[in-house]
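A.B. asks: Questions regarding the structure given below will be posed in turn.
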Amino acid sequence: MAPSGKISPKRSRTGKGSPKKRRPVTKKPRGQRWGIFSLLLTLSLWSGVVLAALLVFYGYDLPDIDTLGKSEKQPAITVLSEDGETIATYGDIYGQYLSVSEMPPHLIEAVIATEDRRFYDHFGIDPLGIARAMFINLRAGHVVQGGSTITQQLAKNLFLSP
């Protein structure tokens, strides 16, 4: 209080003029950025959990890789004599499996050139090949070509039934 008993007006810290009015509190852009970041972080974590659950669900009943080459093949056609003896079988080819190192290099190059020319440029699924095939099939109005890779064909033959 002032010595005369009157209340003096409040002054700013600088001592000049009337006191400053307070601005209303608004959210700072930093808070909005943090909210967006936390939302994206939460979504990515939940996406990872869902992806892991899908991998476990679909990978649970896959066959063991070591037993894939040991499956017994059944002939498609068996020709029998009148008394029931097998004369010939036609269908699956019987023989021994070869490793890649036992095959001639030109055979491997021929298969890759014929089936999947971009074999070394993708990770097993060729997005460009799938997009190309989809575009051509849509333009033709029916399925004209496919975009599967050697890896996808192998997985289809090993894991799916005919």
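A.B. asks: Using amide H atoms built 1.01 Å from N in the peptide plane, name the residues 5+ places from T89, or on other chains, whose amide H lies under 5 Å from its own.
C.D. replies: For T89, the qualifying residues are V79.
A.B. asks: Still on this structure: Give me the percent of accessible area attributable to carbon and sulfur for segment 117-162, probe 1.4 angstrom.
C.D. replies: 65 percent
A.B. asks: About the Cα centre of segment 77-162, what is the dipole size in debye to 20, counting +1 per Lys and Arg Cβ and -1 per Asp and Glu Cβ, all else neutral?
C.D. replies: Rounded to the nearest 20 debye, it is 720 debye.
A.B. asks: Ok, one more. Could you work out the mean projected area of the convex hull around the alpha carbons of segment 92-162, in square nanometres to one decimal?
C.D. replies: Average projection, Cα convex hull of segment 92-162: 6.5 nm².
The values are calculated or read from the model by the stated rules, or taken from the named source; none is laboratory data. Everything quoted here is computed from the prediction, not taken from an experiment. Methodologically, a virtual Cβ is constructed for each residue, glycine included, from the backbone with ideal geometry; neighbour enumeration extends over all protein chains shown. Side chains are part of the model used for accessible areas, which takes the heavy atoms of the whole protein and leaves out ligands, DNA and RNA. Shrake-Rupley method; radii C 1.70, N 1.55, O 1.52, S 1.80 Å.
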